[in-house]
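Asker: Take a look at this one; I'll ask things after.
The values are calculated or read from the model by the stated rules, or taken from the named source; none is laboratory data. Every value quoted in this text rests on a predicted model; they were computed, and no experiment measured them. No Cβ is skipped: glycine too gets one built from the backbone with ideal geometry, and neighbour counts run over all protein chains shown.
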Amino acid sequence: MDITFKDVSYIYQANSPFAHKALENLSFHIPSGSFVAVIGHTGSGKSTLIQHLNGLITPTKGIVQIGDYQLNAEKKPENLKELRSRVGVVFQYPEHQLFDETVAKDIAFGPKNFGISETEIQRRIKEIVPAVGLDEKLLDRSPFDLSGGQMRRVAIAGVLAVKPEILVLDEPTAGLDPRGQREIMDMFSSLHKEQKLTTVLVTHSMEDAVKYADHVIIMNKGTKYMEGTPEEVFTQREALNQVQLDVPEMIQFMKAFEGRFGHAITFKRQSIPSLAKEIRQALKGAESLE
Ligand SMILES: Nc1ncnc2c1ncn2[C@@H]1O[C@H](COP(=O)(O)OP(=O)(O)O)[C@@H](O)[C@H]1O
Ligand SMILES: [Mg+2]
């Protein structure tokens, strides 16, 4: 399903002395099957944006269109539950929402709620548990006996067990150790590639955005500050610095290399081995001129 925001504004506690504008005239289009990174400082409106995607909140002004479902100030779609089964949201610190006696029951909660049969749920659990990097032996344990990283995986498994078409991730690796971060991001990346799952990733990590996303939206103070491919966005160092964001390390390195050796390497999301090859070529060329 495509996602379109058209002139969306959102005000918390509108018409009260505490009214706070969190989004202002936000427009963008995410084609089905994309992997989009939404980046911006704390308070820039990222979480408010994604709460529109499954109708937790509706725009104060403007239109949110997700496939055939439309949300605007006047109405939520009548089939909101159906929308929520098609748009899975992994909220920040999702492990805080675990509550059931066992890991298996916690994972089953979402799909059960959407009317999926017990046999089908069991089949999905068998498939998803190893995919999120959990041991099947943990299924009968209490989720509260697990480590933080394992609890995070249980919560993610619960969202995946509903088999959404759009997966929304709000800083899914926050607080995990570097290895856990990489494992979880690689898992989302393969889900996206193998199942064509449209993925919306809210992140602070430029490195993750470069590595996984094909489209980037930079938020600043509730508005869209920049948008484009990682190549388009991350090469604009000045503009990013203006909103206190850095370009990814790889691009910083390329700039430093150019400054030192006078050889420009174009950023095209190359892998580290292919960057190394380009550097060798460049240095060889320089040598043969001497
Ligand atoms: N429930 C709320 N009530 C009032 N203001 C809120 C609420 N949630 C967020 N805000 C405010 O809206 C703005 C955007 O917040 P948020 O979408 O959470 O940003 P981000 O996820 O980028 O950190 C911030 O200024 C924040 O303080
Ligand atoms: Mg947030």
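Asker: Hey, could you check the range 28-53 for residues that are polar (S, T, N, Q) and farther than 20 Å from E165 by Cα and say which is surrounded by the fewest Cβ atoms within 10 Å (Cβ to Cβ)?
Answerer: T42
Asker: Okay, next question. For the range 48-76, which positions are under 17 Å from I30 (Cβ atoms), in contact with a strand residue (DSSP E or B) (Cβ under 7 Å, 6 or more places away or on another chain) and among the small types (G, A, S)?
Answerer: G55, G62
Asker: Could you list all residues from the range 31-52 that are more than 10 Å from ligand 2 (Cβ to nearest atom) and of a type in the set (S, T, N, Q)?
Answerer: S32, S34
Asker: Every residue in the range 10-60 that is among the small types (G, A, S) and away from ligand 1 (no atom under 12 Å from the Cβ), please.
Answerer: S27, S32, G33, S34, A37, G55 - these are the residues of the range 10-60 that are among the small types (G, A, S) and away from ligand 1 (no atom under 12 Å from the Cβ).
Asker: Could you list, in sequence order, the residues of the range 79-110 that are among the β-branched types (V, I, T) and within 22 Å of L197 (Cβ to Cβ)? Quick ask: steps written out before the conclusion?
Answerer: Of all residues in the range 79-110, those among the β-branched types (V, I, T) come to 87, 89-90, 102-103, 107.
If the condition is that a residue be among the β-branched types (V, I, T) and within 22 Å of L197 (Cβ to Cβ), then V87, V89, V90, I107 are the ones that fit.
Asker: What are the pairs with Cβ atoms under 6 angstrom where one residue, in the range 18-37, is closer than 28 Å to Q195 by Cβ and acidic (D, E) and the other, located anywhere, is assigned to a loop (DSSP other than H, G, I, E, B) and modelled with pLDDT of 95 or more? Sequence gap at least six, or different chains.
Answerer: Here the result reads none, with nothing in the range 18-37 linked to a residue that is assigned to a loop (DSSP other than H, G, I, E, B) and modelled with pLDDT of 95 or more.
Asker: To continue, here is another question. Which ones in the range 11-42 are of a type in the set (A, V, I, L, M) and either assigned to a loop (DSSP other than H, G, I, E, B) or modelled with pLDDT under 95 (or both)?
Answerer: Residues satisfying the conditions are A14, A19.
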